[in-house]
Structure formats: C-alpha cells, structure tokens
Amino acid sequence: MLRQLVTRTHPHLRRTPLQRSLSSQSDLTTHTSPSVNQSEVDKFRHISSTWWDPQGPFKYLHTMNHARTRYIHDRLSDLGVPLAGSTGTRPSAIDVGCGGGLASESLGRLGLSVLGVDAALENVR
C-alpha cells in the first residue's frame, strides 16, 4: 500500500503488474455494491465529538498511534522516500476512513501532505 502511495512522486519505484491491473479503468467500474455501511457511519457520526479524547471511546487508537506512525515512517524510509525538509517537496498520502484524523495529523507532522476522507462529514470538520 505504501508503495502505491509513493509511486507517483517517485517514478523510480516500479509498480507491480497487480498494481497496474488494479488501476485500470475497467477494474474501477465493475464494483456495483456500496462499500459504505450506513449503520457504521451513523455510529461514528454519533461519537465524532470524542475522537480527540485520549480517555474516550478511541483511547486504544490514541495508544497505538505512535507505533502506527513510527511503522509508516520506517517503511517510507525503507523505500527511500524523503520526508519534508530534505528535498523541499512533500510526499502525499490519502487517509481513507480517517475518522477524526488521528493518523492524518500524525502523518502530517512526519512531513507528508495528507488528505483525510471519511463517509461521516462530522468526522472531517
């Protein structure tokens, strides 16, 4: 997944045949069932005001966020992706299903340009 995120900004990292296949237009138009579960969206919308409470319902995400961010940092380093400051450009990432943006914020502090998207509008306000 990280390789897909950096391929556009670092063309020297070659995409696999599977990655090329998954990005073809025909693969993008064959999925017809919804991928969003409305009851899940409603559940997270209802508790959206508690995302940033480290003792709230998302306390385990807060607890693991440092390890998750460190893992992503290390994998980007393994791929040779320079983070902000070293080249003047910022690699991009998309945080799909970002919720309140815990990962998005941490990745932004690492030096990535992050776009967080979520099915519940309240989560990204």
Length gain on complete extension for the stretch residue 46 to residue 78, per 0.36 nm per residue less the alpha carbon to alpha carbon distance?
7.6 nm
Could you work out the relative contact order of region 36-107? I mean the mean sequence separation of Cα pairs under 8 Å and 6+ apart, divided by the number of residues, in percent.
33 percent
Rg(Cα)/(2.2 N^0.38 Å) for region 62-125, N = residue count
1.14
Going by average Cβ neighbours within 10 Å, how do the peptides 115-121, 45-51, 98-104, 59-65 rank, with the highest at the top?
98-104, 115-121, 45-51, 59-65
Segment residue 53-residue 89, extension gain: residue separation times 0.36 nm, minus the distance between their alpha carbons
9.7 nm
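Each reported figure results from applying straightforward, stated rules to the coordinates on display, with no laboratory input. Computed from a prediction, not measured in an experiment: that's the story for all the values here. Here the Cβ is made from the backbone with ideal geometry for all residues, glycine too, and neighbour counts use every protein chain on show.
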